[in-house]
Amino acid sequence: MPPVRTHASSRGQKKPPAGFEDIRDDLEVFGIKMKDAQNAPASASAPKHQAQWPIFQIAHQRSRYVYELYYEKEAISRQLYDWLLKNGYADPMLIAKWKKQGYEKETNFQSTCVCRVPRAQLKDDQDVQCVNCGCRGCASSD
C-alpha cells in the first residue's frame, strides 16, 4: 500500500510551525465535517443554492476558530497563524473583514450579507435568509 500523504507533504510545503500539533485534532474535525458536507446528497425539494450552505458554515467556523485563537485568546504564534492562512486552513479575506469594526460577525465571502442589516430594520414577521450562506442575520452592528 502506498504511504498516505499529509496535507503539507502533498504540496511540497514546509513542516508546520511549533504549536500546530496542539490544534491539529480540531482542524481535522473541521476537515471531516467539510467532507461530510460536500458528500451529503442534495435535497430535491430545496433550492440548489441551499446545498452549499453547510459548506460555507463549516468554512466560516474553521476561519473563526483560527481567528479567535490568534486575536482573542492569543494561543498561537504569528508564524503558525500565517502558516494556517497560507495553507488554506482559514479564509484570510473573511478574517480581514472581522478585524473591521461593525463586521465582527460577517459570514459572507463576496459582499455585504444580511448580517449588516440592523435588527431594528428587519421585519419581525419576515423570515430572511442570505442566499449565499444561509445566515438569518446576526446584526453585528447592533
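Each value in this text was obtained by applying a stated rule to the coordinates, not by laboratory testing. Quick caveat: nothing in here was measured; it's all calculated off a predicted structure. When we count neighbours, we look across all protein chains shown, and the Cβ atoms used for this are built from the backbone with ideal geometry, even at glycine.
Shown here: region 16-82, whose C-alpha atoms stretch 46, 19, 15 Å along the first, second and third principal axes, sorted largest to smallest. Contact order, relative form, for region 28-111: 21 percent (alpha carbon pairs under 8 Å, 6 or more residues apart, mean separation divided by residue count).
Dipole of region 7-99, Cα-centred, from +1 at each Lys and Arg C-beta and -1 at each Asp and Glu C-beta, to the nearest 20 debye?
Working: 14 positive and 11 negative charges, 78 e Å.
Here the size comes out at about 380 debye.
Here Glu104 and Ser43 are evaluated by their C-beta separation; at R0 = 25 Å the FRET efficiency comes out at 0.20. Subtracting the Cα-Cα distance of Ala120 and Asp22 from their residue separation scaled by 0.36 nm leaves 31.1 nm.
Going down the table (Lys35/Lys100; Lys73/Lys100; Lys48/Lys100), which pairs top 22 Å between alpha carbons? Pairs exceeding 22 Å: Lys35/Lys100; Lys48/Lys100.
Name the residues of region 54-72 whose amide N is less than 20 Å from a point 7 angstrom out from the Cα of Ile32 along the C-beta direction? Hits in region 54-72 for Ile32 at 20 Å: 54-66.
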